[in-house]
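S.K.: Before anything else, here's the structure in question.
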Amino acid sequence: MLRECQYLLHDFVLQVQSPDMWLWRLDPVRGYSVRGAYQLLTSLPFDSLDAAADLIWHKQVPLK
């Protein structure tokens, strides 16, 4: 996993004149939302849905 992270970060160049910020590519105007993440996870192909269900419905979270 470390090698994968190094590969993803190897070509980043920080510049003083550019702001350093995160960007949610699915909605660059409004940014990240739980609703957007949920829609992304539930729009996955059916075979990937089982893996996504564990991320969406974490069984150790208490009910409100």
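Where a number appears in this text, it was derived from the coordinates with a stated rule and is not lab data. Computed from a predicted structure; not experimentally measured. Cβ sites come from the backbone with ideal geometry, for glycine too, and all protein chains shown count toward neighbours.
S.K.: Figure the gain on full extension for residue 29 and residue 11 (residue separation times 0.36 nm, minus the Cα-Cα span) and round it to one decimal in nm.
M.R.: Between residue 29 and residue 11, full extension yields 4.0 nm more.
S.K.: Now for a different question. Taking the mean number of other Cβ atoms within 10 Å as a proxy for protection, how do you rank 31-40, 12-21 from highest to lowest?
M.R.: 31-40, 12-21
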